[in-house]
Every structure is written in C-alpha cells, then in structure tokens.
Amino acid sequence: MPLKMDAAAAKRADNFNSVIRESGKYVGVITRAERLLSRNNVEGVGLSFKSDDGASANYLDVYTVKPDGEKLRGHSVITALLCCLQLREAADGDITFERWDSEAGRLVNTTAPGYPALMGKRIGLVLQKELQTHSQTGADVERVSIMAVFDPVTNLMASEILDRKTKAERLEAVTKILAANPVRDTRKRRAAPVAVAATLAGGSAPATQELDNFDDVPF
C-alpha cells in the first residue's frame, strides 16, 4: 500500500499542545453542554469545545441568570450561540461527555443534566485569554473565555443572521479588537466601554430582544 500525504493529518502532527491557551478565532465542535447552577444559585451553561485541529477548550462556563431573574452578559452569549446554530431553543436532558477524574488520573465518561441539542454541533468561537485571581489561593490563573460566537460556514454573527445579512462584517471587527486586546485581565476591576461591550457580545444584545419574537427569526 503506497504512502500518501494527508495535509490535515500533517498539520495535526504539529499540535503538541492539545489545550487551547491562546486568544483567537476557532472553529470546531461542542463536546459538552452541561447545565450549571452555582453555589449562589446562578444558572449557567458549561461548554467544552474541540477545534478542527484537535485542540480543546474545556470548562468554558457561561453564567446567564441570577436567582432574581437578572440576566447576565452570558445570557446574550448563549442566545447568540443558539442563533448561530439556528436553534430557537434547546431543551434540558441528560448528556454524556468526558470529564477529568483526578483519582483515576484520566478522562472518564460522565452523565449529567445538560442540553443534548447542542452536543456535537459545529460552531465558531472567538476565545480570549483571561487572567484571574484564584478565589482560594490568590494565585494568578489563566483561562480562555468566549468573546464572541459566529456561524462556522458563513462567518455571520447573531445580529447579522437576524438582520438577514449575507456578508459577514462584524467578525472582522471583533478579531481586530481581540488583536488589540489579546488578554483580558480580570484581576483588576475594569468597566468596559459600552461600544466595546456590545461588540464583544457579537451584537447579541439586540439578538436577545429579537429572538423573543419568533415571527422575525429567519429559521
């Protein structure tokens, strides 16, 4: 049997680090869509993601609604995610995914409440490196968080989909902001400018408003 060069496999050979640690634009598959409830009863969605080159970003936890019903920015992020997946809703249900077991020292299959409709779906994510202070040790820790969501085929973001745009323009603007601010330092209290905050949400503030009116949703 002759040997054949596989370009995609050759690229994967360079991927020594299988964890996404750098800011950037990624396309891949949702491997975990877990329903979360914090110790303070804040609702959320725990996402894990594997990019097309095999690198993964686990524990992209997005908190959405406070116990009193106040919607957090994460609510807009998740709404934009649904929009880019052309889903009007995602029902609760059990999901099975891989989770690190510290005792076993390996990944094990775990079943937990989540959103089955999101599992295995292809999506585009703009991820930003974030510096945080560990709540218990006070040490600096790094993670990546979701800055924006886009359709992996068209590159359209939520507001563009809802406005029935055919040319993607917002994603380029977001990536320029990311290039200028590749690391978000949450160790200090900073108030993001309103215009930037709206852009980071991928236009998902108006998307949230329009998604409540299904007659105006193009899917």
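Each reported figure results from applying straightforward, stated rules to the coordinates on display, with no laboratory input. Owing to the predicted nature of the structure, the values given are computational and were not obtained by experimental measurement. Note that we place each Cβ from the backbone using ideal geometry, even for glycine, and neighbour counts take in every protein chain shown.
Estimate the FRET efficiency between residue 21 and residue 107 by the formula 1/(1 + (r/R0)^6), using the beta-carbon distance for r and 25 Å for R0, to the nearest 0.05. Approximately 0.85, to the nearest 0.05.
I need 79, 166, 154 ordered by Cβ neighbour count within 10 Å, fewest first.
Details: 79 24, 166 7, 154 16.
Taking fewest neighbouring Cβ atoms as first place, the list is 166, 154, 79.
Computed FRET efficiency, Cβ-Cβ of residue 38 and residue 4, R0 41 Å: what is it to the nearest 0.05? Each step should come with its number before you reach the end.
Details: r = 50 Å, r/R0 = 1.22.
With R0 = 41 Å, the Cβ-Cβ based efficiency is 0.25.
For the pair residue 65 and residue 169, label points projected 7 Å from Cα toward Cβ lie 3.4 nm apart. If R0 is 45 Å, what FRET efficiency do you get for residue 94 and residue 185 from their C-beta distance, rounded to 0.05? Efficiency, rounded to the nearest 0.05: 0.75.
From the cross-link list 66/176; 50/129; 66/165; 121/167; 4/25; 25/167, which pairs have alpha carbons spaced over 25 Å apart? Each step should come with its number before you reach the end.
Numbers: 66/176 32 Å; 50/129 16 Å; 66/165 33 Å; 121/167 23 Å; 4/25 30 Å; 25/167 18 Å.
With Cα atoms farther than 25 Å apart: 66/176; 66/165; 4/25.
Quick one: order 38, 102, 56, 76 by neighbouring beta-carbon count within 10 Å, fewest to most.
Working: 38 12, 102 6, 56 16, 76 26.
Ranked by crowding around the Cβ, least crowded first: 102, 38, 56, 76.
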